[in-house]
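Take a look at the structure below.
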Amino acid sequence: MSHFAHRSGVLHAEDVAIPQIAAAVGTPFYCYASASLEEQYRHFSEAMPKGALIAYAVKANGNLAVIRTLARSGAGADVVSAGEFKRALAAGIAAQKIVFSGVGKTRPEMAFALDAGLYQFNVESESELEALNEVALSKGAVAPIALRVNPDVDAKTHAKISTGKAENKFGIAWTQVRDVYARAKSLAGVKVVGVAVHIGSQIIELDPFRAAFARVAELVRQLRADGHALTRVDFGGGLGVPYESGDAPPRVRDYGDMVREAVRHLDVELILEPGRFLTAPAGILVTQVLYLKEGEKRRFAIVDAGMNDLMRPALYDAWHELIRVQEPAPGAARLPYDVVGPVCESTDLFARDRELAELKAGDLLAFLTAGAYGAVLASGYNARPPAPEILVKGGQFAVVHPRKTVEAMMADEKMPSWLG
């Protein structure tokens, strides 16, 4: 169920009225519902085989309070930098439940993760494998690894979030996998424990997953025949969520049944890395209409959120459902608007020709399904402090990432001596 709903005509997050938050912190702001985070995690974990490690993909939303909420529900973490690793630790996730992924791990990052005692590295290239072996040997350690394989499967998702095709930078080419496993077996600083795969994000069909998982299952059998003692399979993440009313992603129960069937005869520990699925439905971005402008050809609603706050539409042409915080009267006239922000870029466009009940300056709007790849991609472009983040639980709300002042944004900058 959605934990964002109109009550007596006013949008609420759980039991908190959105205008109450707006009055306290100003706009724009992100708002997350604890109940939604907990519910999404519960639905996902209950659909998976018992004992699976649900390693939340921290890149989707790195807010400490969000990670802590998921950690208290039982989540581990999938991270792609030492910074994300430290965030996961700070939020209460044990290092033994952290998987370190990513194509560009540095040697200091590898050393940090080894010292912390991580669950496993997902190694993405032979050169990374060699570097990790050297780092581990220098520390007298052995690094647990899975090799991330590229199964050359088209996930049928947006080209900019596809990761499992042969032309993508991620993973080890399918034709090279067995040779790289043989090399890994010969190295004293690593211990091969599994196989990893991740084919992309916002996947709304089961067939690409099914094809990739079947290839991985067969690879596990081949590698065991080659003498590798594999005990883990990491199926990654990527399960999509409905952004538009017509979207129909697979039911998580059906996804879980497919996962269970794929590993049924493998006798392995299973790792899954959901990100967007857990956090996207749990967040909204609230913004206020600043001005209305009638152009020669288009009608503009200029809002106080910009592409620096929510990058997805500019980056991916992504769609976010947009609703009025104050519910319009039944039968209210609807008009087409281009909803745009104040950033000095033509790509600062959230919605084109979006039909909305007639707007006026001061109206509050909410972008739905904004809890993933929203605040985490925000920037200070145009010297605009990014939107703060709010967490709601029941009738309470807390500012979990305050809005910075411009002065605070400038505080770390230094003027060289020759400029006085």
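We did not get these values from a lab; they are worked out from the coordinates using the rules stated. Bear in mind the structure is a predicted one, so any value in this text is a computation, not a measurement. Methodologically, a virtual Cβ is constructed for each residue, glycine included, from the backbone with ideal geometry; neighbour enumeration extends over all protein chains shown.
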| If you rank Val142, Val66 by fewest surrounding Cβ atoms within 10 Å, what's the result? | Val142, Val66
| query | Expressed as an acute angle from 0 to 90° and rounded to the nearest 10, what is the orientation of the C-alpha long axis of helix 107-116 relative to the principal long axis of the chain? | reply | 80
| Ranked by Cβ crowding within 10 angstrom, fewest neighbours first, how are Leu239, Leu285, Leu187 ordered? | Leu187, Leu239, Leu285
| task | Return the whole-Å distance between the Cα centroid of the range 74-100 and the Cα centroid of the range 1-54. | result | 22
| message | Could you tell me how far the Cα centroid of the range 133-147 sits from the Cα centroid of the range 188-263, in Å? | response | 25
| Above-threshold pairs, the threshold being 31 Å between Cα atoms, out of Lys86/Lys404; Lys97/Lys139; Lys59/Lys297; Lys139/Lys414; Lys293/Lys393; Lys50/Lys139 | Lys59/Lys297; Lys139/Lys414; Lys293/Lys393; Lys50/Lys139
| message | Taking loop as defined by DSSP and a crowding limit of 14 other beta carbons within 10 Å, which trypsin sites (Lys or Arg not before Pro) in the range 1-103 fit? | response | Lys50
| request: Before rounding to the nearest 500, sum -39500 (n - 2.57) across all DSSP H runs of length at least 4 in the chain and divide by the residue total; then give [θ] at 222 nm in deg cm²/dmol. | output: -8000 deg cm²/dmol
| query | In degrees, nearest 10, range 0 to 90: what is the angle between the Cα axis of helix 252-262 and the longest Cα principal axis of the chain? | reply | 10
| task | Just the Kirkwood number for the range 59-130, please: inverse of mean 1/r across all distinct Cα pairs, in Å, one decimal. | result | 12.2
| request: Convert each backbone phi in the range 382-390 into a coupling constant with the Karplus relation 6.51 cos²θ - 1.76 cosθ + 1.60 (shift: θ = phi - 60°), then list the ³J(HN,Hα) values in order as whole Hz, x for Gly and Pro. | output: 6, 6, 9, x, x, 4, x, 10, 10
| Amide H partners (placed H, <5 Å) of Tyr56, local residues excluded | Gly76, Ala77, Asp78
| Folded to 0 to 90 degrees: helix 126-138 orientation relative to the chain principal axis, Cα | 70
| field | Cα-based shape type of the range 34-279, given that a ≥ b ≥ c are square roots of the gyration tensor eigenvalues and the cut on a/c is 1.5 | value | oblate
| field | Sites matching GluC sites (Glu not before Pro) across the range 166-253 that sit in DSSP coil, with at most 16 neighbouring C-beta atoms within 10 Å | value | Glu167, Glu205, Glu244
| request: Compute the signed sum of charges (Lys and Arg +1, Asp and Glu -1) over the other residues within less than 11 Å, Cβ to Cβ, of Ala333. | output: -1
| query | How many percent of all Cα-Cα pairs in the chain sit more than 28 Å apart? | reply | 52
| Length-normalised contact order for the chain - Cα pairs under 8 Å, 6+ apart - percent | 19
| Quick one: of the DSSP bridges fully inside the range 34-279, what percent are antiparallel, nearest 5? | 5
| note | Listed with the fewest Cβ neighbours within 10 Å leading, Lys105, Lys393, Lys191, Lys360 appear as Lys360, Lys191, Lys393, Lys105
| said: Using amide H atoms built in the peptide plane, which far-off residues or other-chain residues are under 5 Å from Thr106 H to H? | reply: none
